[in-house]
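Chemist: The structure's right below; bear with me while I get my questions together.
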Amino acid sequence: MRFHTASDAMIRRGETTDLYFATTEQILRKRRLDRVSALAEVTTALLPRGWPWGVLCGAEEAVRLFEGRHVDLFTLPEGTLFRPLCLNGPRFPVATLEGPYGAYCRYETALLGLLCQATGIATSAARIRLKAPTQHILSFGVRRMHPAIAPMIDRAAYLGGCDGVSSLAGAALVGERPQGTMPHALTIMVGSQHDAFQALDAHLPKAHPRVALVDTYSDEVAETLVAAKAVPNLVGVRLDTPSSRRGNFPELIREVRWTLDYHGFNQVKIYVSGGLDEENLDPILAAGVDGLGIGTNLSNAPTINFALDIVERAGAPAAKRGKFTGRKALFRCPACFWGMARKPGEAGGKCTRCGETLEPALVQRLRRGRRVGRPESAKRIRARVLAQLDLLRESEKAKAP
């Protein structure tokens, strides 16, 4: 028996599509309409939880999905911060697809799946990064999701701003070393906290930082001292008990910090994990924590409700009601990240929000199914995200009273 997942080949053959696309494909083929050209846009009207912006992720997989098919694909560069609407009204397309409709009809389901989930995870990671600009952030969420998508989860989290990922496959995908600490199971199986900490130090490869989990048997402060004394080159301790001390996690962080400093272990950092998300970080950050392990709230981030809609048929404007019809020249402000849609051939001009010169938004990824340009490294995409977050942070500071 195989795992309940679709293989790469099944996805590429369109076997994960919805029935109505397969039916449409069949009807169009019988009526000899499958070769009629169509231009479609990938857009969303709203982002979840009232988010004002998102971070596009999954574009590289979209290229892989359509590679070899007779289509032109344009997308925002992966890792681009976008707002759902243009300044002049239309939804802002993060991607456009053009070609004979029969060449891509069957693949709409897969395309949206590739973009919606990854973009949600990357956006959640970016929002946490924005709130915690100096902390070391790790993606710990793959255990909450199907293992088949672990690499995608970790990649999206890394691109969104996480410093490291926990899974071996995810780390390999982004070209980084996997990061983590130790499980409670190690302490239980070795038999004591002291012996477990020493075993970790003795057998963990030298290149990996020593971070001890300090809440298996004893009070966190007591186990922290045991770890600091047992491991001479201890980098940090991890607290995984947000409900301890009657729910006062920040107070626990402060007590651990005081105790470490009091006993001369000033270099030992404090990492926290366990139910952390964007909404509960403020008091934890204020307590002086050095690192965060974010799990379920990354891997289970809300998906972005992208939709694919035809806006042009056989060279003529055509769209369902509620959509802005026709081909568009798309521009984006590099400073405030708002988009602007113009008629084909029109210049972008200036951003009406901040006055910056608008730049072309989309880049061509496929030309008649052939890849245009080379894939970017995960590090380069992540750097793009961090640079945009810096701009956003400075903008928010400027608005502050």
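Chemist: For the range 292-316, how many residues are more than 15 Å from Tyr158 (Cβ to Cβ) and either in contact (Cβ under 8 Å) with a residue 12 or more places away in the chain or surrounded by 16 or more Cβ atoms within 10 Å (Cβ to Cβ) (or both)?
Modeler: Residues meeting the conditions: 17.
Chemist: In the range 244-260, is there at least one residue being surrounded by 14 or more Cβ atoms within 10 Å (Cβ to Cβ), closer than 30 Å to Pro375 by Cβ and either of a type in the set (Asp, Glu) or touching a Cys at 6+ places or on another chain (Cβ under 9 Å) (or both)?
Modeler: Just the residues of the range 244-260 that are surrounded by 14 or more Cβ atoms within 10 Å (Cβ to Cβ), to begin with: 244-245, 248-257, 259-260.
Checking the rest, the ones that are also closer than 30 Å to Pro375 by Cβ come to none.
The answer is no, given that none of the residues of the range 244-260 is surrounded by 14 or more Cβ atoms within 10 Å (Cβ to Cβ), closer than 30 Å to Pro375 by Cβ and either of a type in the set (Asp, Glu) or touching a Cys at 6+ places or on another chain (Cβ under 9 Å) (or both).
Chemist: Moving on to the next point. Say whether the condition of being at pLDDT below 95, closer than 23 Å to Ile284 by Cα and of a type in the set (Gly, Ala, Ser) is met by at least one residue in the range 220-229.
Modeler: Checking the range 220-229: at least one residue is at pLDDT below 95, closer than 23 Å to Ile284 by Cα and of a type in the set (Gly, Ala, Ser).
Chemist: Restricting to the range 73-88, what's the tally of residues that are closer than 19 Å to Leu39 by Cβ and either in contact with a helix residue (DSSP H, G or I) (Cβ under 8 Å, 6 or more places away or on another chain) or surrounded by fewer than 19 Cβ atoms within 10 Å (Cβ to Cβ) (or both)?
Modeler: Here is the first cut: in the range 73-88, the ones closer than 19 Å to Leu39 by Cβ are 73-76, 86.
Still in the running and either in contact with a helix residue (DSSP H, G or I) (Cβ under 8 Å, 6 or more places away or on another chain) or surrounded by fewer than 19 Cβ atoms within 10 Å (Cβ to Cβ) (or both): 73, 75-76.
Looking only at that region, the number is 3.
Chemist: Hey, another quick one. Gly113 versus (1) surrounded by 22 or more Cβ atoms within 10 Å (Cβ to Cβ); (2) farther than 23 Å from Thr352 by Cβ; (3) under 15 Å from the mean Cα position of the chain (by Cα): which is the lone unmet condition?
Modeler: Tallying (1) surrounded by 22 or more Cβ atoms within 10 Å (Cβ to Cβ); (2) farther than 23 Å from Thr352 by Cβ; (3) under 15 Å from the mean Cα position of the chain (by Cα), Gly113 fails exactly one: (1).
Chemist: Filter the range 363-374 down to residues that are surrounded by fewer than 17 Cβ atoms within 10 Å (Cβ to Cβ) and either at pLDDT 95 or above or not assigned by TED's automatic domain parsing to the domain that holds Ala62 (or both), then give me how many there are.
Modeler: Taking the range 363-374 and keeping what is surrounded by fewer than 17 Cβ atoms within 10 Å (Cβ to Cβ), we get 363-364, 367-374.
Checking which are either at pLDDT 95 or above or not assigned by TED's automatic domain parsing to the domain that holds Ala62 (or both) leaves us with 363-364, 367-372.
Adding up the residues that qualify gives 8.
Chemist: Surrounded by fewer than 14 Cβ atoms within 10 Å (Cβ to Cβ), touching a residue at least 60 places away in the same chain (Cβ under 8 Å) and either under 19 Å from the mean Cα position of the chain (by Cα) or assigned by TED's automatic domain parsing to the domain that holds Asp201 (or both): is that true of Asp282 in this structure? Outline the logic, then answer.
Modeler: Numbers: surrounded by fewer than 14 Cβ atoms within 10 Å (Cβ to Cβ): yes; touching a residue at least 60 places away in the same chain (Cβ under 8 Å): yes; either under 19 Å from the mean Cα position of the chain (by Cα) or assigned by TED's automatic domain parsing to the domain that holds Asp201 (or both): yes.
In short, yes.
Chemist: Oh, and also: Hey, could you check the range 181-194 for residues that are assigned to a loop (DSSP other than H, G, I, E, B) and buried (at least 18 other Cβ atoms within 10 Å of the Cβ) and say which is modelled with the lowest pLDDT? Walk me through it before giving the result.
Modeler: Step one: of the range 181-194, the residues assigned to a loop (DSSP other than H, G, I, E, B) are 181-183, 191-192.
In the following step, the residues that additionally are buried (at least 18 other Cβ atoms within 10 Å of the Cβ) were identified as 181-182.
Working: Thr181: 88, Met182: 92.
Applying the filter and picking the extreme gives Thr181.
Chemist: Continuing with this model, one more query. Which one is surrounded by the fewest Cβ atoms within 10 Å (Cβ to Cβ) among residues in the range 317-350 that are closer than 14 Å to Pro84 by Cα and basic (Lys, Arg)?
Modeler: Taking the range 317-350 as the starting set, the residues that turn out to be closer than 14 Å to Pro84 by Cα are 323-324, 330-333, 336-341.
Of the ones still in play, those that are also basic (Lys, Arg) are 323, 332.
Details: Lys323: 16, Arg332: 24.
The residue in question is Lys323.
Yes or no, residue by residue, for (1) farther than 28 Å from Ala228 by Cβ; (2) in a loop (DSSP other than H, G, I, E, B); (3) without any contact (Cβ under 8 Å) to a residue 12 or more places away in the chain; (4) not aliphatic (A, V, I, L, M):
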| position | (1), (2), (3), (4) |
| --- | --- |
| Leu97 | yes, no, no, no |
| Thr109 | yes, no, no, yes |
| Ile137 | no, no, no, no |
| Pro178 | no, yes, no, yes |
| Ala196 | no, no, no, no |
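Chemist: While we're looking at this one, here's another question. Does Ala126 satisfy being touching a strand residue (DSSP E or B) at 6+ places or on another chain (Cβ under 6 Å), more than 30 Å from Arg13 (Cβ to Cβ) and buried (at least 20 other Cβ atoms within 10 Å of the Cβ)? Give the derivation first.
Modeler: On the way: touching a strand residue (DSSP E or B) at 6+ places or on another chain (Cβ under 6 Å): yes; more than 30 Å from Arg13 (Cβ to Cβ): yes; buried (at least 20 other Cβ atoms within 10 Å of the Cβ): yes.
Taking the combined requirement at face value, the residue satisfies it.
Chemist: Could we say that Ser167 is within 30 Å of Gly54 (Cβ to Cβ), assigned by TED's automatic domain parsing to the domain that holds Phe265 and among the polar types (S, T, N, Q) here? So that I can check it myself, show each step before the final result.
Modeler: On the way: within 30 Å of Gly54 (Cβ to Cβ): yes; assigned by TED's automatic domain parsing to the domain that holds Phe265: yes; among the polar types (S, T, N, Q): yes.
Answer is yes for this residue.
Chemist: Considering only the range 142-165, state which residues are assigned to a loop (DSSP other than H, G, I, E, B) and surrounded by 22 or more Cβ atoms within 10 Å (Cβ to Cβ). Walk me through it before giving the result.
Modeler: Start the filter on the range 142-165 by keeping residues that are assigned to a loop (DSSP other than H, G, I, E, B), which leaves 145-146, 161-163.
The answer is Gly161, Cys162.
Chemist: For the range 5-27, give me the residue count where each residue is of a type outside the set (A, V, I, L, M), without any contact (Cβ under 8 Å) to a residue 24 or more places away in the chain and more than 17 Å from Tyr101 (Cα to Cα). Walk me through it before giving the result.
Modeler: Applying the first criterion (of a type outside the set (A, V, I, L, M)) to the range 5-27 yields 5, 7-8, 12-18, 20-21, 23-26.
Cutting the leftovers down to without any contact (Cβ under 8 Å) to a residue 24 or more places away in the chain gives us 7-8, 13, 15, 20, 23, 26.
Applying the additional criterion that residues be more than 17 Å from Tyr101 (Cα to Cα) yields 7-8, 15.
Number of matching residues: 3.
Chemist: Continuing with this model, one more query. Quickly run through the range 243-275 and pick out the residues that are over 14 Å from Val214 (Cβ atoms), in a loop (DSSP other than H, G, I, E, B) and at pLDDT below 90.
Modeler: Ser243, Asn248, Gly275
Chemist: Against the condition of a type in the set (S, T, N, Q), out of contact with any Phe, Trp or Tyr (no Cβ under 6 Å at 6 or more places or on another chain), assigned to a loop (DSSP other than H, G, I, E, B) and touching a residue at least 60 places away in the same chain (Cβ under 8 Å), how does Thr325 come out, does it pass?
Modeler: Values: of a type in the set (S, T, N, Q): yes; out of contact with any Phe, Trp or Tyr (no Cβ under 6 Å at 6 or more places or on another chain): yes; assigned to a loop (DSSP other than H, G, I, E, B): yes; touching a residue at least 60 places away in the same chain (Cβ under 8 Å): no.
Here the answer is no, as Thr325 does not meet what is asked.
Chemist: Right, next: I'd like to check something: does the range 347-359 contain any residue that is at pLDDT 95 or above, acidic (Asp, Glu), assigned to a loop (DSSP other than H, G, I, E, B) and not assigned by TED's automatic domain parsing to the domain that holds Ile153?
Modeler: yes
Chemist: Which residue is surrounded by the most Cβ atoms within 10 Å (Cβ to Cβ), if the candidates are limited to the range 198-238 and must be touching a strand residue (DSSP E or B) at 6+ places or on another chain (Cβ under 8 Å) and polar (S, T, N, Q)?
Modeler: Thr224
The values are calculated or read from the model by the stated rules, or taken from the named source; none is laboratory data. A quick note: this is a predicted structure, and the numbers were derived from the prediction, not measured. Cβ coordinates were reconstructed from backbone atoms using ideal geometry, including for glycine residues, and neighbour counts include every protein chain displayed.
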